[in-house]
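Nothing in this text is a laboratory measurement; each read-out follows from the coordinates by a stated rule. Since this is a predicted model, take the numbers as computed values, not measurements. Cβ atoms come from the backbone with ideal geometry, glycine included; neighbour counts cover every protein chain shown.
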Amino acid sequence: MNKADLILAVAEEADLSKRQAEAAVESFLKLVEKALVKKQAVKLSGFGVFENKKRAARTGTNPTSGKKIQIPASHTVSFKPSKSLKEKVN
């Protein structure tokens, strides 16, 4: 499912116009992004947790040359599904 599909599904599920559903989805995504940029977790009960996690610096291997390279520390977004979501998926 892509963003356009999600917007249509939200419009149908919540009995909204496509424009209203698009505004709701865009607002939700913007708020999640803002929280993650501020390094705040977004906890959605019954769904899961989005977090901004720090990745430590590490040594890697250049796949082309085979040489060892230093990979700097960085941040990444992670998602941990809730127990109930895991059970529904399995």
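Over the chain, what is the relative contact order in percent, taking alpha-carbon pairs closer than 8 angstrom and at least six residues apart?
Working: 101 pairs, mean separation 18.4, N = 90.
Value for the chain: 20 percent.
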Relative to the longest principal Cα axis of the chain, at what angle does helix 3-13 sit, 0 to 90 degrees, rounded to 10? 30
In straight Cα distance, which lysines are under 18 Å from residue 83, not counting same-chain residues fewer than 8 positions off? 43
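Which net charge results when you count Lys and Arg as +1 and Asp and Glu as -1 among the other residues whose beta-carbon is under 14 Å from that of residue 26?
Values: positive: 3, 18, 19, 30, 34; negative: 22, 33.
Value of the local net charge: +3.
On average over all directions, what projected area in square nanometres does the chain have, based on the convex hull of its Cα atoms?
On the way: hull surface 35.5 nm².
Result: 8.9 nm².
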Tell me which lysines have Cα within less than 17 Å of residue 88's Cα, excluding those fewer than 8 residues away on the same chain? 80
Quick check for me: using +1 on Lys/Arg Cβ and -1 on Asp/Glu Cβ, what's the dipole size of the chain about its Cα centre, in debye to the nearest 20? 860
Over the alpha-carbon set of the stretch 40-90, work out the extent along each principal axis and list the three values in angstrom, largest first. 45, 28, 11
Exposure-ranked with fewest Cβ neighbours within 10 Å first, 29, 16 stand as 29, 16
